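One structure is given below, encoded as structure tokens.
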Amino acid sequence: QVQLVESGGGLVQAGGSLRLSCVASGRTFSSYAMGWFRQAPGKEREFVAAISRNGFMTNHLDSVKGRFTIPRDNAKNTVHLQMNTLKPEDTAVYYCAARNGVVPITDNDKYDYWGQGTQVTVSS
């Protein structure tokens, strides 16, 4: 079983950057595809980005392509979400998730483990 803890959220002005981190416990981190999802008030949770277990494949929401990246470091059991050129519409609680599989899929129902989330607020 994997336990996930997110950090790095906060308040930032539009155009700024934040780097979120998700540290996983367990011995089999390299066996998991990792994803980031977000949920804004009154909205359903949506996919943001994901990375395959070996780090060779990534998947991104169209609106964040070119702005967000999702590097992982299996040696440190950590996945990041580097967010640049932030926009007010990026404001949400961001969650990391782990899936016991290879492909970085976008369906949140297919992920097995979730962190508690970290708040990102982008001001105009």
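Report the relative contact order of the chain, percent, no decimals, based on alpha-carbon pairs under 8 angstrom and at least 6 residues apart.
Details: 323 pairs, mean separation 44.7, N = 124.
For the chain, the relative contact order is 36 percent.
At most 10 other Cβ atoms within 10 Å and a DSSP loop assignment: could you name the trypsin sites (Lys or Arg not before Pro) in the stretch 1-63 that fit? Intermediate results must be reported in sequence, preceding the final value.
On the way: sites: Arg19, Arg27, Arg38, Lys43, Arg45, Arg53; in loops: Arg27, Lys43, Arg45, Arg53.
Sites meeting the loop and neighbour criteria: Arg27, Lys43.
With each label point set 7 Å from Cα along the Cα-Cβ vector, what nm distance links Ser30 and Met57?
In this crude spin-label approximation the distance works out to 1.9 nm.
Grab the stretch 32-124 and count how many Lys pairs have their alpha-carbon atoms under 21 Å apart, sequence gap of 8 or more, or different chains. Walk me through the numbers on the way to the answer.
Details: Lys43/Lys65; Lys43/Lys87; Lys43/Lys110; Lys65/Lys87.
The result is 4.
Counting C-alpha atoms alone, how compact is the stretch 20-71: give Rg to one decimal and Dmax as a whole number, in angstrom.
12.3, 37
Which whole-number percent is the relative contact order of the stretch 54-111 (Cα, under 8 Å, 6+ apart)? Please list the in-between numbers first.
Values: 39 pairs, mean separation 18.4, N = 58.
It rounds to 32 percent for the stretch 54-111.
Ratio to report: Rg/Rh of the chain, with Cα atoms as the point set and Rh obtained by the Kirkwood method; give two decimals.
Details: Rg = 13.3 Å, Rh = 14.1 Å.
Checking Rg against Rh, the ratio lands at 0.94.
For the chain, what % of the accessible area comes from carbon and sulfur atoms, probe 1.4 Å? Working shown, then result.
Working: 2920 of 6440 Å².
Whole-percent figure for carbon plus sulfur exposure: 45.
The values are calculated or read from the model by the stated rules, or taken from the named source; none is laboratory data. Everything numeric here is computed off the predicted structure, so don't read it as measured data. Cβ atoms come from the backbone with ideal geometry, glycine included; neighbour counts cover every protein chain shown. Surface areas here come from the heavy atoms of the whole protein model, side chains and all, with no ligands, DNA or RNA. Shrake-Rupley method; radii C 1.70, N 1.55, O 1.52, S 1.80 Å.
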